[in-house]
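The values are calculated or read from the model by the stated rules, or taken from the named source; none is laboratory data. For clarity, every value in this text was computed on a predicted model and none was experimentally measured. Glycine also receives a Cβ, built like all others from the backbone with ideal geometry; neighbour counts cover every protein chain displayed. Surface accessibility is based on the protein's heavy atoms, side chains included, excluding ligands, DNA and RNA. Shrake-Rupley method; radii C 1.70, N 1.55, O 1.52, S 1.80 Å.
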Amino acid sequence: MARGTQARKKLIVGITGATGAAYGIGILKTLKALPAWESHLVLTDAGALNVWHELKLKRKEVERLATAAYHPRDVGAAIASGSFLTEGMVIAPCSMKTLSAVAHAHADDLVSRAADVVLKERRRLVLLPRETPLNLAHLRNMVAVTEMGAIVFPPVPAFYARLKSIDDMVAHSVARALDLFGIHSPEIARWTGLDG
């Protein structure tokens, strides 16, 4: 790197097979618009199916939104090592299968391996789980990842923001999730109190 230039911050984005592909796509689009940030994408096979079903986007179209994209089985990728410096990882949406793999350090694919690395390096891991209702295993896995240092961030609509569409709800949740990495959007409605 040349003297006087600053390295771009890197965020790993996992998109798995739960409903809510729009959250992951929204995160990728937001990061693409920020010159100081890179996105490193892992799109699972089930995630690619959901992206197609929900948004009619093909895998290659999603991968083009990212700075770098990795095959979900490539456990030798750069993001599989703690020496590859990142600000952390967000998994949006996070399937219950992926949540379970993270909770039990069952790092048999690149999403769960990258999450395991983020946790062991004490970096930020944010999971947007998309499932309802929850069974006891789901709840215990959420407790386990929280105890390990992850943040469980169910994308719940903020009704105080008086959101008018599904796109508004997704954008608000995306912005709130990215707040956790120090990326603050001036676009979202923030609570200012009852008098605000």
query = Of the conditions (1) open to solvent by 70 Å² or more (accessible area, probe 1.4 Å); (2) free of Cβ contacts under 8 Å to residues at least 12 places away in the same chain; (3) over 23 Å from Thr44 (Cβ atoms), Asp179 fails just one. Which one is it?
reply = (1)
ask   = Which condition does Thr67 not pass, out of (1) in contact with a strand residue (DSSP E or B) (Cβ under 6 Å, 6 or more places away or on another chain); (2) of a type in the set (S, T, N, Q); (3) surrounded by 19 or more Cβ atoms within 10 Å (Cβ to Cβ), if it passes all the others?
value = (3)
key: Test: residue in the stretch 76-84 that is within 15 Å of the chain's Cα centre (by Cα), within 28 Å of Glu147 (Cβ to Cβ) and among the hydroxyl-bearing types (Ser, Thr, Tyr)   = no
Total residues in the stretch 37-76, condition touching a residue at least 40 places away in the same chain (Cβ under 8 Å), in a helix (DSSP H, G or I) and β-branched (Val, Ile, Thr) = 1
Output for the stretch 149-176, where each listed residue is hydrophobic (A, V, I, L, M, F, W, C) and open to solvent by less than 50 Å² (accessible area, probe 1.4 Å) = Ala150, Ile151, Val152, Phe153, Ala158, Ala161, Val170, Val174, Ala175
task = Looking at (1) part of a loop (DSSP other than H, G, I, E, B); (2) of a type outside the set (Val, Ile, Thr); (3) farther than 17 Å from Leu128 by Cβ, find the lone condition where Ala18 falls short.
result = (3)
message = Can you find a residue that is at pLDDT below 95 and either among the basic types (Lys, Arg) or open to solvent by 40 Å² or more (accessible area, probe 1.4 Å) (or both) anywhere in the stretch 112-130?
response = yes
message = Please determine whether any residue of the stretch 84-101 is of a type in the set (Phe, Trp, Tyr), modelled with pLDDT of 95 or more, surrounded by 18 or more Cβ atoms within 10 Å (Cβ to Cβ) and within 26 Å of Trp37 (Cα to Cα).
response = no
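For the stretch 1-21: of the residues being surrounded by fewer than 22 Cβ atoms within 10 Å (Cβ to Cβ) and of a type in the set (A, V, I, L, M, F, W, C), which is modelled with the highest pLDDT? Show your work before the answer.
Pass one, the stretch 1-21, residues surrounded by fewer than 22 Cβ atoms within 10 Å (Cβ to Cβ): 1-10, 17, 19.
From what's left, of a type in the set (A, V, I, L, M, F, W, C): 1-2, 7.
Details: Met1: 50, Ala2: 55, Ala7: 91.
Among them, the one singled out is Ala7.
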